[in-house]
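A.B. asks: Sharing a structure, written as structure tokens. Questions coming.
Please treat every number below as a calculation from the coordinates, not as lab data. Just so you know, these numbers come straight off a predicted model, no measurement behind them.
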Amino acid sequence: MRIATIVLGIPLAAVAWASGIGIYPQRAAITIGQTLKITALTSDPAGVSWSVSPDGGSVEPPVSHGGQAVAFSVPRRPGIYTITATGLADPPGAPAQSSSIRVGVTDLTGVYTYHDDLARDGANEREYALAPADVNAASFGKLFSCP
């Protein structure tokens, strides 16, 4: 496993990757109309190509080199988007190295009542970032306890 450190303005961020491509940030959530800066860390001299699933979102520029930030823009449709960086210089016949992140996009523009709950029933019907696949014992829940 290799560790790379990148400087993004103020903070230092360390990203580890085993597949040859690391993406920073590893998790994100934005609202419609916002853009998200994403960076792929790779030793691939040809860089990576970017793709978005489902269709509708875009990444500019569509090809970047290791450490170069790209901008993810979302359409006017909330949901979960998967952004994938795929290596370009893989040997012929070898499987392409790739890495993905999931981004939650919501149309919730602001919170104007306690818990943004006009009905005051505790339901958040616009939750897109947390999906059943994300809420499991390995990635969600109690992190530690003190004696």
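A.B. asks: Mind listing the phi-derived Karplus ³J(HN,Hα) values for segment 55-65, rounded to whole Hz, using 6.51, -1.76 and 1.60 with θ = phi - 60°, and x for any glycine or proline?
C.D. replies: For segment 55-65, the Karplus curve yields 4, x, x, 9, 10, 10, x, x, 10, 9, 9 Hz.
A.B. asks: Same structure, new question: Along segment 70-79, what does the Karplus equation 6.51 cos²θ - 1.76 cosθ + 1.60 (θ = phi - 60°) give for ³J(HN,Hα), rounded to whole Hz, x for Gly and Pro?
C.D. replies: Residue by residue, segment 70-79 yields 10, 10, 8, 10, 10, x, 8, 9, x, x Hz.
A.B. asks: Under 5 Å between amide hydrogens, which residues at least 5 positions from Gly67 or on another chain qualify, with H placed 1.01 Å from N in the peptide plane?
C.D. replies: It is Ala40, Leu41, Thr42, by chain and number.
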